[in-house]
1. What does the extension gain come out to for Thr31 and Arg269, with contour length at 0.36 nm per residue minus their alpha carbon separation?
2. Place a point 7 Å from the Cα of Arg23 along the Cα-to-Cβ direction; which residues of region 32-61 have their backbone N under 17 Å from it?
3. Highest GNM mean-square fluctuation, the chain, Cα pairs closer than 10 Å: which of Ile170, Ile44, Ile119?
4. For Trp400, what is the net charge nearby, where nearby means another residue's Cβ is under 12 Å from its Cβ and Lys, Arg count +1, Asp, Glu -1?
5. Check cross-link reach from Lys22 to the lysines: straight Cα distance under 24 Å, and skip same-chain residues fewer than eight apart.
6. Can you compute the modelled spin-label distance between Arg193 and Glu122, with each label point 7 Å from Cα toward Cβ, in nm?
7. How large is ³J(HN,Hα), in whole Hz, for each residue of region 30-46 in order, when computed from phi with the Karplus curve 6.51 cos²θ - 1.76 cosθ + 1.60 and θ = phi - 60°, using x for Gly and Pro?
8. Work out the FRET efficiency for Arg262 and Thr298 from their Cβ-Cβ distance, taking R0 = 51 Å, and round it to the nearest 0.05.
Amino acid sequence: MTDSYPMPKNWRCPLDPPAEYKRLRREAPVTRVQVWDGSTPWLITRYDDAFAALGDPTLSMDFGLPGIPHTSPSSVARRDRIMSFPFRPDPEYRAQRAMLVQEFSARQMEALRPQIQRIVDETLDPMLAGPRPTDLMAAFALPMAIRVICDLLGVPSDDSMYLHGLSRTIGSRASSKETVGQTLDEMEGYFHRLVEANVRNPRDTLVGRVVAKNVLTGALSKQDAAAMFQMLFHAGHGPTAYMICMGVLALSLNPDQISELRVIADDPRQLSAAVQELLRYATVSHNGRQRVATEDVTIGGQLIRTGEGVLIQPDSANRDETAFPDPDRLDIHRTPQRNLALGHGIHTCTGRSLALVELEVVFHTLYQRVPTLRVAVPVEDIPFRQNDNLLGAYELPVTW
Ligand code: HEM
């Protein structure tokens, strides 16, 4: 019988991927699964196969192609609208992605470190002055991640929580296709107005610079620009906020690693490895990466025919025992780190360098300033988002 997807997860061990992946990696590493609409894409669970598949240009993320597997109705809604650049066919995708490469370069993001440090401190101060326990998501992770992306894009902070609400509707597997469609329209309407404002008067923000270089020269339509910025807001704050909370949960459940983190925190190389390990361990972008074969291709010994859909499972790959010894152990000293939490290949996370700087600043600051920070309730009392494209919680009560 074909397993249905997404696979059930034990929410008492929320940071562990569904147990079934372990069996699949051993017995059926490239196998058919059934998704909500009855289609049966291939599921790839081993690290080596996932790495090869993400790096293989014959596996496309063009949402216009019929074989793309839709893991929820919200995914179909994306296909039926103006698609933001990651979901476009190749020449358009590459052209639009290229417009962002410089904006998100490692050097540019490194230059933001002092500003990110200031935002982290300014968000943490009121939380520490307030009552405890408190919700880390609402008090710190979300406002800090939202402020960073809003400052970068040039979105007024007054609009940020409204946009965040829309973004969560889009990210939920429980939202209907119609709801997600309307929400995408509303969000793109907002960013369309921001594009118009920058057409009239380009500002020195990411939106302003992309508009000046590409919209004003005719290389990018206003609609495509709006879809691009909607995507950057959506992808640029949720995963970061969720990762902060899941990282704090992981460390709370492994307090020896907090002591270790405090020892190495001032060494940039070791801090970076620790952040990579937290990314690997939690893999908050846990939805299977959606691809379709544009030619016959063999992955892990399995022939995948042209037009067949593929889901590449990053949380399973990141716990593959053949790639990571003792994979279910959180070990902040683990090197080398070649995990897939931020993707791999052409679709590697655009905001990779930004996310890494944010997480380094956050985990350094949190445990230097609040060494006793810990989750305040038993795991079974944490309200997890059990039907979301991201692994996270509605709230994460913490104390110190
Ligand atoms: C901890 C935080 C983050 C995580 C875990 C994460 C994860 C990922 C993953 C796994 C992908 C690959 C998707 C695929 O291959 O199908 C991706 C793509 C992407 N991410 Fe991130 N991301 C994070 C932060 C950010 C930030 C801060 C931005 C900033 C704008 C961003 C923007 C994007 C965009 C635009 C894409 C699409 C890239 C493409 O298709 O070429 N992400 N992200």
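The values are calculated or read from the model by the stated rules, or taken from the named source; none is laboratory data. Values in this document were obtained by computation on a predicted structure and should not be read as measured data. As a convention, Cβ positions derive from the backbone with ideal geometry for all residues, glycine included, and neighbour counts pool all protein chains shown. Note: areas computed on protein heavy atoms with side chains; ligands, DNA, RNA excluded. Shrake-Rupley method; radii C 1.70, N 1.55, O 1.52, S 1.80 Å.
1. Working: separation 238, 0.36 × 238 = 85.68 nm, distance 3.81 nm.
That pair, Thr31 and Arg269, stretches by 81.9 nm at full extension.
2. Of the residues in region 32-61, 32-34, 43-46 have backbone N under 17 Å from the label point off Arg23.
3. Result for the chain, Cα springs under 10 Å: Ile119 fluctuates most.
4. On the way: positive: Arg132, Arg369, Arg374; negative: none.
Residues near Trp400 contribute +3 overall.
5. Partners found: Lys9.
6. Here the answer is 2.4 nm between the modelled labels.
7. 10, 9, 7, 10, 10, 9, 3, 8, x, 6, 10, x, 7, 10, 10, 10, 8
8. Values: r = 47 Å, r/R0 = 0.92.
FRET efficiency, Arg262 to Thr298: 0.60.
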